[in-house]
Every structure is written in structure tokens, then in C-alpha cells.
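The values are calculated or read from the model by the stated rules, or taken from the named source; none is laboratory data. As the structure is a prediction and not an experimental result, all values here were calculated from the model. Every residue, glycine as well, gets a Cβ built from its backbone with ideal geometry; the counts of neighbours run over all protein chains shown. What goes into the accessible areas is simple: the full protein's heavy atoms, side chains included, and nothing from ligands, DNA or RNA. Shrake-Rupley method; radii C 1.70, N 1.55, O 1.52, S 1.80 Å.
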Amino acid sequence: MSVPVPARKPARPHFSSGPCAKPPGYSPAKLATESLGRSHRAKIGKARLQLAIDLMRDVLQLPDTHRIGIVPGSDTGAFEMAMWTMLGARPVTTLAWESFGEGWVTDAVKQLKLDPTVLRADYGQIADLAAVDWSNDVLFTWNGTTSGVRVPNADWIPETREGLSFADATSAVFAYDIDWSKIDVATFSWQKVLGGEGGHGVLILGPRAVERLETHTPAWPLPKVFRLVSKGKLAEGVFKGETINTPSMLAVEDAIFALEWAKSLGGLEGLKARSDANAAALDKIVAERAWLSHLAADEATRSRTSVCLSVEGADADFIKKFAGLLEKEGAAFDIAGYRDAPAGLRIWCGATVDTADVEALGPWLDWAWASTTAALAAA
């Protein structure tokens, strides 16, 4: 027996956790194009790159103590740039509770051969933050995109730390309050909370990170795209729009559009409010369904952007069929959990998603659950 199809679909069924939904009202036709076809080193190119940096500083409420650079390789490139240029001066602790944190462990162990202390937790849990030795440099993921687990705040990071704090903050910036006095290095990409395009990373450096760059010479060779120091001094131009390699000015204009949209909401507070409303709407859906639950059981460490859900009795095949039905109907795109995570769903609730679309998703999840369960029972 067929299951009735819900009457109303989400207007924008884009729930991917990266690249994420574009900002409401977005159209490529709305992008400024004067910089396209021009050199990124021409006056107009440098001005647009500087504008993107200035807007990020404004929306993030980033203090003047911290520099912002646009670098190659999305968040991964930015974080590995930080690792390759700054690690090796002190012992290292790496925290991992999802796949990208494990990626930094692999880099530290197998590529840089640093023999780090590794603090792990299973998907849905968080490592013991109180066990961190801050005489070490510490690498962590602020918001685990593939597990839906985040650090609750920055209280666990001491003001008087000896080591540097390295935060992979790609699913966290623009969605949470971040105490920048506790962060020496942060990285992200535009493709998450801003709904921008991929390929470019953003590297934020505090004064202690700059000091490390200028006083520490890594024991390994650095590729050109990682080099942030020239003649023993920070390459300041990188943090004024003089990118290390050629950026996509179209992606830069796309990011400027998203940042100006963010400012129109009231900046960071407006972005946080939208994300919080989306997460609350999804919480309500989960609470009303016995077959659905949060992978991150502790609300204090549960992501409000990349929300990961467990489906009762589901395996990878069930989730593939479940998500495939919704995509075929145009009701929800890209909501299957990450390939390395436990079988389940992952629904982006960042600011570029509309709360009404999250609310409209509930009946469709019911439909997909009933349809997939019935199909497998009949097989």
C-alpha cells in the first residue's frame, strides 16, 4: 500500500552540509562582475579582496589583534597551512570526535611525524576537554560537521596557555559566539554558514600565531602555497588581499554578496538567530518522532548547524534509499549522513536555510520513513 505524499514541499530543499544553501534571494545575476576578467592584483581586484576581508572582520566581530587571510584549498588547505607552518616548536595534542578531526590526527602522525597526544571520542560524543595539556599546541574542531558535536564554548581554553590553540571552525564561524582571545589560529571556508562557493579557505591568526611564524622554522619543506613568511617576517600582504595564488574573483564576489546579506540581518546576531531557529524547528521534529533521535545526545555539545540524526534500525542501505526518495521528489537534497559516520541523516540548519523549510521537512521525513520501511518489508 502506497504512503500519501505530503502536500507542501520545502521551497528551497537544500539541506547539504557543504556546500550549503545559498543565502535567501540569491541569484548569480545579483553579483558584482566588474572584477571578473581583471587581474586579482589590479586595483579593483585587490579592493574587492580587501572588502571581503573587511566584511568578514565586521560580521565576525573579530578584534584588530587578529589578521584575516584568504588562502587556497578551502578549510582543509587553510588548516594544513597552519599545521605545516607552525607546528613542531612544542609537543602537540590533537582532539578528534569526527572524521575531519581524525584527518588532522593523520596529518600530525603520518605526514609531519610529530607523535602527538591524541584525545578521541566516538561519534556523538566529545573528547575530555579537561584532560588537555595546554603546554602543548592543541588542534581541535569547533563544530564537527560529520558528527554534529561541538565544543560548548571557549571556557576550557586558558588565557595563560603556553601552546597555541588551532581551531578548525568551518561549521562554527557565523553561527556561534567565539571568544577570540582564546583562539590563536582559526580556519573556515565560505561554503558553510555563508553558503558561499568552495575552493577558498580563510586563515585567522592571532598575535601569538604570528610570533610563532616569525620565530619558528619548520623542519620540513613548505610548498609555495603554504608560505606565510618572507625573510623572517610575516607576509603582511596575504592579510590585505594579496593572495598567495590566483583566487576566483567570482567566488570572492559570491562571498561578498553573502556577507552583505549577513550585514542586512544585523550581522552575527542575525545569523545566529536564524541558525538557532532552524535548529529549534528540527529539535521539535525529532522530539515528535520515536524513530528519530539526535546522534549528539548532550544538548550542550550538539551542533546547531550540522545536525546529525540517528534513524531507528537503519543501516547504510536504508539511509541511501530514504535520502534517495526525498531527492527524487525534490523535497530534500543531500541529507544522508557522512560516509564515515554511523548510518543516519545530516540536516544543515545554518543561517542560509529558512526555518519554514525545516518545518516543512517533518512530514516528508515521515513519508520517506514509512515508504522505505514498507518497501524493505515487501522485498
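What are the residues in the range 307-357 that are within 18 Å of the chain's Cα centre (by Cα) and charged (D, E, K, R), if any? The answer is Asp334, Arg339, Asp340, Arg346.
Within the range 324-341, the set of residues being touching a strand residue (DSSP E or B) at 6+ places or on another chain (Cβ under 6 Å) and touching a residue at least 12 places away in the same chain (Cβ under 8 Å) comprises Phe333, Ile335, Gly337. Among the residues of the range 225-252, those identified as assigned to a helix (DSSP H, G or I) and either on the phi > 0 side of the Ramachandran plot or under 20 Å from the mean Cα position of the chain (by Cα) (or both) are Ala251, Val252. What about Ser74, is it under 23 Å from the mean Cα position of the chain (by Cα), open to solvent by 10 Å² or more (accessible area, probe 1.4 Å) and not aliphatic (A, V, I, L, M)? Against the criterion (under 23 Å from the mean Cα position of the chain (by Cα), open to solvent by 10 Å² or more (accessible area, probe 1.4 Å) and not aliphatic (A, V, I, L, M)), Ser74 qualifies.
Might you check whether a residue that is in a helix (DSSP H, G or I), open to solvent by less than 60 Å² (accessible area, probe 1.4 Å), touching a strand residue (DSSP E or B) at 6+ places or on another chain (Cβ under 9 Å) and not aliphatic (A, V, I, L, M) occurs anywhere in the range 257-280? Yes, the conditions are met somewhere in the range 257-280. Of the residues that make up the range 285-301, is at least one at pLDDT 95 or above, surrounded by 23 or more Cβ atoms within 10 Å (Cβ to Cβ) and in contact with a Leu (Cβ under 6 Å, 6 or more places away or on another chain)? So far as the range 285-301 goes, no, none of its residues is at pLDDT 95 or above, surrounded by 23 or more Cβ atoms within 10 Å (Cβ to Cβ) and in contact with a Leu (Cβ under 6 Å, 6 or more places away or on another chain).
Only one entry in Leu295, Leu271 is touching a residue at least 40 places away in the same chain (Cβ under 8 Å) and in contact with a Cys (Cβ under 8 Å, 6 or more places away or on another chain), namely Leu295. With respect to Asp115, determine if the residue is buried (at least 18 other Cβ atoms within 10 Å of the Cβ) and either in contact (Cβ under 8 Å) with a residue 24 or more places away in the chain or more than 20 Å from Val193 (Cα to Cα) (or both). Spelling it out, it is not the case that Asp115 is buried (at least 18 other Cβ atoms within 10 Å of the Cβ) and either in contact (Cβ under 8 Å) with a residue 24 or more places away in the chain or more than 20 Å from Val193 (Cα to Cα) (or both).
Looking across Asp155, Asp168, one residue alone is in contact with a strand residue (DSSP E or B) (Cβ under 7 Å, 6 or more places away or on another chain), at pLDDT 95 or above and among the acidic types (Asp, Glu). It is Asp168. How about the range 118-151: which of its residues are open to solvent by 30 Å² or more (accessible area, probe 1.4 Å) and either under 19 Å from Ile183 (Cα atoms) or in contact with a Leu (Cβ under 9 Å, 6 or more places away or on another chain) (or both)? Across the range 118-151, the qualifying residues are Val118, Leu119, Arg120, Tyr123, Ile126, Asp128, Ala130, Ala131, Asp133, Ser135. Among residues of the range 1-27 that are over 16 Å from Ala281 (Cβ atoms), those with a beta-carbon under 9 Å from a residue that is open to solvent by 80 Å² or more (accessible area, probe 1.4 Å) and at pLDDT 95 or above at least six positions away or on a different chain give the pairs Ser16/Asp334; Ser17/Asp334; Pro19/Glu197; Cys20/His14; Lys22/His14.
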